[in-house]
């Protein structure tokens, strides 16, 4: 396996992350709001539909990863899925944001659940193989952080575009309903193109790796004995859920507390620009003190930011709140870069122990966790809004305002704290990783 990668490979691989960031940004920021305020599905049923849809997706994700591990084509193990599922992903994305015009709540619920399930499954068929490419591009500890940095530059670019351009695109259409569909068509097209760019610009290195022959249950059993991976996965799950809850609530926070729906665009842009500008900082910090320490610092900053935003931002005004968004963005930078560079290290740990390459099964769980965390976040937001008696498009009561504050601050903060507790026990330092690589080289030489 090569240690260094070319600029073309890093750029070509990074572009593919644009589709994922579009998926998560638009669904996190806008899907709950689309279902409650446009489709007029009750908040509780909307959150439940997203959760049920993701549970069904969870059943198939490990199989997608396992199939990817066992695939052998002239294009490699991972790239064929980018080619054949990129267009269905774009189509499903548009359908998700098209108001079906169903009059009754049960019909709306069934529609939302089914379409979201289909969207998640099609997305998984592109995203799991895509992410499984990363460990195969390089085995160098710091090079993987660099590749992850390129990946996350496009992630934040997609997030920035999805967050900042959604309202302006919707405003180009005569009605809000048409605006949601038009916005989804633009982003679905761009997401499809980004996957195709990765397919045509990246070549899977030939490592002489044979497709996995073991059964899926054996692969899953071994994954769940990989302690470093499980600790990282637990942190990734709670942190991803916290990010999704906070992002989902931004539109409600600005619309009903600041009484300025359009100010949310500038807030999102401030947060995300700060995120992308701090990527080099987090890469530098991780080289100095390790990925684990850097990740803990970043998430701790985010905890402070969301708590202050929840209870004091409206007291200091819309413009001053941008400073808090920037602080949160600095913390988000660690979340975007570091976990993605850490998970390949845990996969190398598994390979050192088992002698089997099964990146697909690992990334199927990784992809499921972030998506399930997002769906569970939607469920929490939906139930929370229902409990605090949220009603769309009116002046909110003191009770519903309190619910919005809790959902944008203390609840995400508690989830971030749980993530920090998990990652505090993560054992793979740079020294330990180098020992793992030496063990792999010694075994591979013995096989030769």
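The values are calculated or read from the model by the stated rules, or taken from the named source; none is laboratory data. Since the structure is predicted, the reported quantities are computational estimates derived from the model, not experimental observations. Glycine gets a Cβ as well: all are built from the backbone with ideal geometry, and neighbour counts include every protein chain shown.
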Condition check for residue 305: crowded, with 24+ Cβ neighbours inside 10 Å, without any contact (Cβ under 8 Å) to a residue 60 or more places away in the chain and closer than 30 Å to residue 224 by Cβ: no
How about segment 341-361: which of its residues are within 15 Å of the chain's Cα centre (by Cα) and under 23 Å from residue 59 (Cα atoms)? 343
Among the candidates 87, 60, residue that is in contact with a helix residue (DSSP H, G or I) (Cβ under 9 Å, 6 or more places away or on another chain), farther than 18 Å from residue 366 by Cβ and in contact (Cβ under 8 Å) with a residue 12 or more places away in the chain: 87
Looking at this structure, is residue 202 at pLDDT 85 or above and either exposed (fewer than 15 other Cβ atoms within 10 Å of the Cβ) or under 24 Å from the mean Cα position of the chain (by Cα) (or both)? no
How many residues does segment 400-435 hold that are over 15 Å from residue 297 (Cα atoms) and part of a loop (DSSP other than H, G, I, E, B)? 4
Test result for residue 415, in contact (Cβ under 8 Å) with a residue 60 or more places away in the chain, more than 30 Å from residue 353 (Cα to Cα) and crowded, with 21+ Cβ neighbours inside 10 Å: yes
Take segment 218-251 and flag every residue that is without any contact (Cβ under 8 Å) to a residue 12 or more places away in the chain and in a helix (DSSP H, G or I). 218, 221, 230
Here is a check on your reading of the model: is residue 152 surrounded by 21 or more Cβ atoms within 10 Å (Cβ to Cβ) and more than 20 Å from residue 57 (Cβ to Cβ)? yes
What pairs come out if I take residues in segment 186-205 that are without any contact (Cβ under 8 Å) to a residue 24 or more places away in the chain and pair them with residues that are crowded, with 17+ Cβ neighbours inside 10 Å whose C-beta lies under 6 Å away, six or more apart or interchain? 186/169
Counting only helices (runs of 4 or more DSSP H) entirely within segment 285-390, those with at least 2 residues that are within 30 Å of residue 115 (Cα to Cα) and out of contact with any strand residue (DSSP E or B) (no Cβ under 7 Å at 6 or more places or on another chain) are 318-354, 359-387
Answer with yes or no whether residue 193 is modelled with pLDDT of 95 or more, farther than 30 Å from residue 331 by Cβ and surrounded by fewer than 24 Cβ atoms within 10 Å (Cβ to Cβ). yes
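So for segment 367-378 (the condition being farther than 14 Å from residue 243 by Cα, surrounded by 17 or more Cβ atoms within 10 Å (Cβ to Cβ) and either without any contact (Cβ under 8 Å) to a residue 60 or more places away in the chain or within 23 Å of the chain's Cα centre (by Cα) (or both)), does at least one residue qualify?
Yes.
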Any chance segment 28-41 includes a residue that's surrounded by fewer than 20 Cβ atoms within 10 Å (Cβ to Cβ), modelled with pLDDT of 85 or more, in a helix (DSSP H, G or I) and more than 23 Å from the chain's Cα centre (by Cα)? yes
